[in-house]
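Here's the structure, in structure tokens; my notes come after.
We did not get these values from a lab; they are worked out from the coordinates using the rules stated. Keep in mind that this is a model prediction, so the values were computed, not measured. Methodologically, a virtual Cβ is constructed for each residue, glycine included, from the backbone with ideal geometry; neighbour enumeration extends over all protein chains shown.
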Amino acid sequence: MNGGAPVRADYPFSAALDSGCEDDGRMGCRVLGVDGCKAGWVGIVLSDGAALPCFATAIGDLAEQASVAGPLDVVAIDMPIGLPDASRRRADVLARQLAGPRWASVFMTPVRAALAEEEFAAATAVNVKLAGEGISRQAHGLRAKILQVDQWVRHAPHRVAEIHPEVSFACLAGAPLNLSKSTWAGVVRRRQLLAGAGVVLADDLGLAGEKAGVDDILDAAVAAWTALRVAGGQARPVPDPPELFSDGLPCAIWT
């Protein structure tokens, strides 16, 4: 399942890899992995061994599109679920540790009040006041998508799990990856890992392939792999148990 990569015995997810995803009944599951992209949202549906792409400008529309051929058991998405009130999320802190050399890809989720601010300077000021630190432009740039998911997840008719792609790839490989997905070698390595786990991406992904970047497709695919683990009871939340804030949404990154 790990595409021939050596599995470090001391890595936290080595035992999970050894359990074998093929035995979890996933052939009867239909799951969706989701990543945000500049044009909207890209998804990879895994169903009966096939990896099917989809694209939509709104997360709700993407989930509905993915459900046309059958109900979804799990949706795994690379976007924060459970927004902090006055602190860092433990999920983000722990995910940075698990991502190893790719730790910088895990941004600290702004507090809810900061995400209510449209201007970056105002959002930063609020986050400094409540959490004692500023926010990244990347995090604020995802503001609209974070809030979109925050509303959608409350009414989603299926289980929704937050993931982080670099943590998921680390789990799949048995150790954090050193290669960036912005490099050709990093893309090849990730496609190999996915293929070794039975997630084979076609060269022609239709509209999804036209609208989303290579990194977005890879992230959606590994999110779908993690969704299978959630559906099969193999995944674990980080932290365990999930953290709770005033919004009442269990906050954890699943892997």
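The figures follow:
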quantity	calculated
Tensor-based shape of the stretch 74-155 (alpha-carbon gyration tensor, a/c under 1.5 rounded, otherwise prolate or oblate)	oblate
Under 21 Å from the Cα of K145 - lysines, other chains or at least 8 residues apart	K38, K211
Principal axes of the stretch 25-72: Cα extent on each, largest first, Å	34, 15, 12
Residue order, fewest to most beta carbons within 10 Å, for S67, S47, S182	S182, S67, S47
DSSP beta bridge pairing in the stretch 27-108, given as percent antiparallel to the nearest 5	80 percent
Signed unit charges on C-beta, dipole axis of the stretch 177-237, positive-most listed residue G186, A231, I217	A231
Shape of the chain, Cα gyration tensor, a/c cut at 1.5	prolate
Size of charge dipole - the chain - debye, nearest 20, with Cβ of Lys, Arg +1 and Asp, Glu -1, no other charges	460 debye
Highest average packing first - 80-89, 136-145, Cβ atoms within 10 Å	80-89, 136-145
DSSP beta bridges in the chain [antiparallel fraction, %, rounded to 5]	65 percent
Length-normalised contact order of the stretch 59-176 in % [C-alpha pairs under 8 Å, at least 6 apart]	36 percent
Prolate/oblate/rounded label for the stretch 56-200 (Cα gyration tensor, a/c 1.5)	oblate
Normalised contact order of the chain, rounded percent, pairs of Cα under 8 Å and 6 or more residues apart	31 percent
